[in-house]
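Before any comments, here is the structure.
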Amino acid sequence: MIVTRRNLLGSAALGAGLITSPTVLRTQAPKVLRISHQFPGGTLEQGDARDRICRRFGQELEKRTGGSLTVQVYPGSSLVKTLAQFSAVRKGAVDMSLVPLSYAGGELPEANIALMPALVTNYDQAAQWRTAPVGERLAKTLNDKGVMIVTWVWQSGAVASRVHPILVPSDVKGVKIRGGGREMDLVFQASGAIVSTMPSSEMYIGMQTGALEAAVSASTSLISFRLDELTKNLTAGRGRSFWFILEPLIISKATFEALTPEQQRAVQEIGQELEAFSFAAAKRDDEEITKIYAARGAKIHDLTADHIQTWRVAARDTAWKDFAGKNASCAELLRLAEQVQ
């Protein structure tokens, strides 16, 4: 065979084609989805329930996609800073996150409905959101901004206090307190509290240094961040609470649309299936926190229906009014949310 310049160029082109073939690349290297969250890391069976949701999602996704998709979980804000996670997902810089949605309120006002005081007050009510008009509208609003909800994760809130118990709005007067969201802070401020804004991962140091005297957060967070070491009175969130937060597992729309139809279906199906686990885990933590804090000597208090109604009255004139006044979309979300009982 006579080797010519054409032969050489043809061989080189064929070789390059083999090297860069998408089919070969997919076979050799599965796509890795990165999930960022702010909570302590653990395992599939132990640790913060929100970290376990991410790991369970990853395990099942790899199984159902035959290894074409894998997941790497980055806990403790080790990949992206706490308050930057939603924006990173929206821009496609990070594939997924499990994030308190209210943290995105600064760039998306509608997100503040995810922590609206006394709007959602029990898990049965929260469970209706995904298929209710309010949930569909919220999901569309997020989708339009480049974010898709994979799993609706709701958490009931408890109040850890170094001072007296916090049961009704008047109890926060003069207290340095962390509410966890803008709308909650409005209620506290109107009730005479000294409000401090910080992510849940900073609550311990706030309580330890005296910058905080009380903090409201999900029961799971109050366990994971060890506030039992500093608490005298705990207002439990079991059964009912004036503080319910939506902390969904979300995916970048750009990431999702780059997946095959089969992979997209797996993401959606697994996400929905994990909701049962997330609700069960949250309820377990609502009970577990009372045992952990009582063992440390804290006094445990439960909220009554009358307590909740007092918070609702206070919220209507402050947080709810402020939220509805942001724009027509916020007003419509609130109207739809009030229909879910």
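The values are calculated or read from the model by the stated rules, or taken from the named source; none is laboratory data. What you see is a predicted model; the values in this text were computed from it and never measured. Cβ atoms come from the backbone with ideal geometry, glycine included; neighbour counts cover every protein chain shown. Remember, those area values only see protein heavy atoms, side chains included, never the ligands or the DNA or RNA. Shrake-Rupley method; radii C 1.70, N 1.55, O 1.52, S 1.80 Å.
Does SER217 satisfy being part of a strand (DSSP E or B), under 16 Å from the mean Cα position of the chain (by Cα) and on the phi < 0 side of the Ramachandran plot? So SER217 passes the test. Regarding SER156, is this residue closer than 20 Å to ALA258 by Cα and at pLDDT 95 or above? Considered against the rule, which asks whether it is closer than 20 Å to ALA258 by Cα and at pLDDT 95 or above, SER156 comes out as no. Of the residues in the stretch 171-179, none is hydrophobic (A, V, I, L, M, F, W, C), outside any strand (DSSP E or B), open to solvent by 20 Å² or more (accessible area, probe 1.4 Å) and over 23 Å from SER97 (Cβ atoms).
Scanning the stretch 32-54 for residues that are part of a loop (DSSP other than H, G, I, E, B) and either of a type in the set (S, T, N, Q) or under 21 Å from THR255 (Cα atoms) (or both) returns HIS37, GLN38, THR43, GLN46.
If you go through the stretch 293-314, how many residues are of a type in the set (D, E, K, R) and not in a helix (DSSP H, G or I)?
Initially, the stretch 293-314 is screened for residues of a type in the set (D, E, K, R), giving 296, 299, 302, 306, 312.
In the following step, the residues that additionally are not in a helix (DSSP H, G or I) were identified as 296, 299, 302.
Residues that pass the stated criteria total 3.
Tell me which residues, restricted to the stretch 50-76, are open to solvent by 30 Å² or more (accessible area, probe 1.4 Å) and either of a type in the set (A, V, I, L, M, F, W, C) or in contact (Cβ under 8 Å) with a residue 60 or more places away in the chain (or both). Give the derivation first.
Restricting attention to the stretch 50-76, the residues satisfying the condition of being open to solvent by 30 Å² or more (accessible area, probe 1.4 Å) are 52, 55-56, 59-60, 62-64, 66, 68, 71-72, 74-76.
Passing the criteria: ARG52, ARG56, GLU60, ARG64, SER68, VAL71, GLY76.
The residue list ARG226, ARG162, ARG182, ARG137 contains one member that is among the basic types (Lys, Arg), surrounded by fewer than 24 Cβ atoms within 10 Å (Cβ to Cβ) and under 15 Å from ILE245 (Cβ atoms), which is ARG182.
Screening VAL168 on (1) crowded, with 24+ Cβ neighbours inside 10 Å; (2) over 19 Å from ASP322 (Cα atoms); (3) among the hydrophobic types (A, V, I, L, M, F, W, C) shows it passes everything except condition (1).
Go through the stretch 206-216 and report how many residues are touching a strand residue (DSSP E or B) at 6+ places or on another chain (Cβ under 6 Å) and open to solvent by less than 10 Å² (accessible area, probe 1.4 Å).
Of the residues in the stretch 206-216, the ones touching a strand residue (DSSP E or B) at 6+ places or on another chain (Cβ under 6 Å) are 212-216.
From what's left, open to solvent by less than 10 Å² (accessible area, probe 1.4 Å): 212, 214-216.
Of the residues in that region, 4 qualify.
Tallying residues that are surrounded by 15 or more Cβ atoms within 10 Å (Cβ to Cβ) and among the small types (Gly, Ala, Ser) within the stretch 290-328 yields 5. A count restricted to the stretch 185-198 and to residues that are touching a residue at least 24 places away in the same chain (Cβ under 8 Å) and open to solvent by less than 10 Å² (accessible area, probe 1.4 Å) stands at 1.
Taken over the stretch 79-134, the criterion of being surrounded by fewer than 18 Cβ atoms within 10 Å (Cβ to Cβ), touching a Phe, Trp or Tyr at 6+ places or on another chain (Cβ under 9 Å) and part of a loop (DSSP other than H, G, I, E, B) is satisfied by GLU107, ASN122. Scanning the stretch 32-49 for residues that are among the aliphatic types (A, V, I, L, M) and open to solvent by 30 Å² or more (accessible area, probe 1.4 Å) yields VAL32, LEU44.
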